[in-house]
Amino acid sequence: MEQIKFYLSEQEIPRKWYNIQADLPHPVPPYLHPLTGKPVKPDDLLAIFPPQLIEQEMTQERWIDIPEEVLDIYCLWRPTPLMRARRLEKALKTPAKIYFKYEGASPAGSHKPNTAIAQAYYNKLAGKKRITTETGAGQWGSALALAGKFMGIEITVYMVRVSYEQKPYRRLMMETWGATCYSSPSDRTNFGRKILREHPDTLGTLGLAISEAVEDAVNHEDTNYGLGSVLNHVCLHQTIVGEELLLHFKKIGEYPDVVIGCVGGGSNFAGAAFPFIRDKIHGKQIDIIAVEPAACPTLTKGPYAYDYGDMAKTTPIMQMFTLGHTFEPPGIHAGGLRYHGMSPLVSMVKQEGLIEARSYHQNPVFEAAVLFANCEAIIPAPETAHAIRAAIDEAVKAREEGKEKVILFNFSGHGLLDLASYDRYYSKKLEDFEYPDEEVRRALGDLPKVDV
Ligand SMILES: Cc1ncc(COP(=O)(O)O)c(C=O)c1O
């Protein structure tokens, strides 16, 4: 029988996170202060982040030690298995081998605890009692709720309204782990109240929920803010995924020709892909593909420009691919991919030509999800299904070209709490929203003028 599950032992778990900043051809453009427009200094960030995370955000060191206490909790589910999708290969009649890294094995169901545990740990060291955050699909909010429980920190989550309504069981997961979850926009913050007054029917956005969480943190001395994606330190923590992948492939004596991940803010893609991009920078031939929704096509249609990370303009201004911080993406079912911007590091590797990006509509994405579930049994999150769609297309291309490629995708999360979205797909109620050209053009008019 051919082996289809590949495990590493707990002793083999990587003990360092990888910082791609050490290997990039150019430094990441500086973050700018949202009020002064001047480069952000570490002290500017102390109002919402603990010192160690600020250091990790800015350091050029290649390797960062993972603290023992974080490793100890990682070991509850890490190393995650590498799986071979052999039945899917057969169904597609492809000569390609399709592998996936199963991050759905974490207790919260996705890659998000890899950074949640680390962030809660550093906030505990800084003596903080509470962390506020946003969540889209609810995967991040539940991951941080779990991390808060382990570290003895209270967690307050602002959940994007459309997801709050679509995914009630995610809220219950957060509550089970002791967190409090509010629908965003909420009446708990000035910015939430303003939006409720001006746009009572809004679906909410990640950019808006971030504004509420930051406002809450800034106004409470004992409280910090935690971001589930985008920032360098979040991508850094996720590299445990890619470092494990390199170990797996070394053990099985193979190396992927193609690495694929879905992108919302970019963190699971960064985690799986950055260690391979390190190899690519040093001469390896490898295609690396970031996949996003056609309804929110940040990397494929946005400009590479300075923009705010949130709607209320409270975060630093970062150079990234963006659709404009006031852009409200259509209410697609991959709530975790409804973000106007993109991680500055992922943006940079795209800008440097180290990766390519593509976008898909949600119906073909769900079609891929169902095919995958029928072959491999695991039901993917709608976000993850974007990566699966691309992996299937790559496998079909390999068949047409008669090539025995090795295709790897990051299985960022399971979809067991996303079944209401599957229901809408089965009853043909999922709309394939066209790229909202007009709306994006309007939002891009709101980009900040910067002087760098
Ligand atoms: C399962 C899953 N995959 C992917 C994402 C996208 O986030 P990121 O691009 O930071 O990995 C999310 C975000 O909520 C998610 O829940």
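The values are calculated or read from the model by the stated rules, or taken from the named source; none is laboratory data. None of the values given here were measured: they were computed from a predicted structure. Cβ: placed from backbone, ideal geometry, glycine included. Neighbour counts: every protein chain shown.
Among residues belonging to segment 311-339 that are closer than 21 Å to Ser359 by Cα and of a type in the set (A, V, I, L, M), point out the one that is farthest from the ligand (Cβ to nearest atom).
Applying the filter and picking the extreme gives Leu323.
Only residues that are closer than 20 Å to Asn232 by Cα and more than 16 Å from the chain's Cα centre (by Cα): list them for segment 257-279, please.
If the condition is that a residue be closer than 20 Å to Asn232 by Cα and more than 16 Å from the chain's Cα centre (by Cα), then Pro275, Phe276, Ile277, Arg278, Asp279 are the ones that fit.
Out of the residues in segment 350-371 that are within 14 Å of the ligand (Cβ to nearest atom) and among the hydrophobic types (A, V, I, L, M, F, W, C), state the one that is nearest to Val28 (Cα to Cα).
Ranking the qualifying residues of segment 350-371, first place goes to Ile355.
Please work out which one of (1) within 16 Å of the ligand (Cβ to nearest atom); (2) part of a helix (DSSP H, G or I); (3) under 30 Å from Met83 (Cα atoms); (4) touching a helix residue (DSSP H, G or I) at 6+ places or on another chain (Cβ under 7 Å) is the condition Tyr169 fails and give its number.
Only one criterion is unmet by Tyr169, namely (4).
Which residues, counting only those in segment 174-206, are surrounded by 24 or more Cβ atoms within 10 Å (Cβ to Cβ), in contact with a Gly (Cβ under 7 Å, 6 or more places away or on another chain) and in contact (Cβ under 8 Å) with a residue 60 or more places away in the chain?
Leu206
Considering only residues that are in a loop (DSSP other than H, G, I, E, B) and in contact with a helix residue (DSSP H, G or I) (Cβ under 7 Å, 6 or more places away or on another chain), which ones fall in segment 271-293?
Hit for segment 271-293 is Ile286, nothing else.
Can you name every residue in segment 248-268 that is within 6 Å of the ligand (Cβ to nearest atom) and part of a helix (DSSP H, G or I)?
Ser267, Asn268, listed by residue number.
For segment 66-75, does any single residue satisfy the condition of being over 19 Å from Ser412 (Cα atoms) and touching a strand residue (DSSP E or B) at 6+ places or on another chain (Cβ under 8 Å)?
The answer is yes, given that some residue of segment 66-75 is over 19 Å from Ser412 (Cα atoms) and touching a strand residue (DSSP E or B) at 6+ places or on another chain (Cβ under 8 Å).
State all residues of segment 372-384 that are farther than 13 Å from Ala334 by Cα, touching a helix residue (DSSP H, G or I) at 6+ places or on another chain (Cβ under 6 Å) and either within 14 Å of the ligand (Cβ to nearest atom) or of a type in the set (Phe, Trp, Tyr) (or both); if no residue qualifies, say none.
Phe372, Ile379
Can you name every residue in segment 197-239 that is more than 25 Å from Gly127 (Cβ to Cβ) and away from the ligand (no atom under 16 Å from the Cβ)?
Of everything in segment 197-239, those that are more than 25 Å from Gly127 (Cβ to Cβ) and away from the ligand (no atom under 16 Å from the Cβ) turn out to be Arg197, Glu198, His199, Pro200, Asp201, Thr202, Ser211.
Report every pair of residues separated by at least 6 positions or lying on different chains whose Cβ atoms are under 6 Å apart, first residue within segment 69-98 and closer than 19 Å to Leu245 by Cβ, second part of a loop (DSSP other than H, G, I, E, B) and of a type in the set (D, E, K, R).
From residues that are closer than 19 Å to Leu245 by Cβ, the pairs are Ala96/Lys405.
Yes/no matrix, rows are residues, columns are (1) among the β-branched types (Val, Ile, Thr); (2) farther than 21 Å from Pro297 by Cβ; (3) buried (at least 24 other Cβ atoms within 10 Å of the Cβ):
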residue	(1), (2), (3)
Glu356	no, no, no
Ser359	no, no, no
Leu371	no, yes, no
Asn374	no, yes, no
Asp393	no, no, no
Val406	yes, yes, no
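Can you say whether Leu245 is crowded, with 24+ Cβ neighbours inside 10 Å, modelled with pLDDT of 95 or more and not in a helix (DSSP H, G or I), as far as the supplied structure shows?
no
Of everything in segment 84-104 that's buried (at least 20 other Cβ atoms within 10 Å of the Cβ) and small (Gly, Ala, Ser), which residue is nearest to the ligand (Cβ to nearest atom)?
Across segment 84-104, the extreme among qualifying residues is Gly104.
Report, by residue number, each residue of segment 157-173 that is among the polar types (S, T, N, Q) and buried (at least 23 other Cβ atoms within 10 Å of the Cβ).
Passing the criteria: only Ser163.
Please specify each residue of segment 387-425 satisfying the condition of being within 16 Å of Gly335 (Cβ to Cβ) and aromatic (Phe, Trp, Tyr).
Of everything in segment 387-425, those that are within 16 Å of Gly335 (Cβ to Cβ) and aromatic (Phe, Trp, Tyr) turn out to be Tyr422, Tyr425.
Between Ser183, Ser163, which is in a strand (DSSP E or B) and within 24 Å of His340 (Cβ to Cβ)?
Ser183
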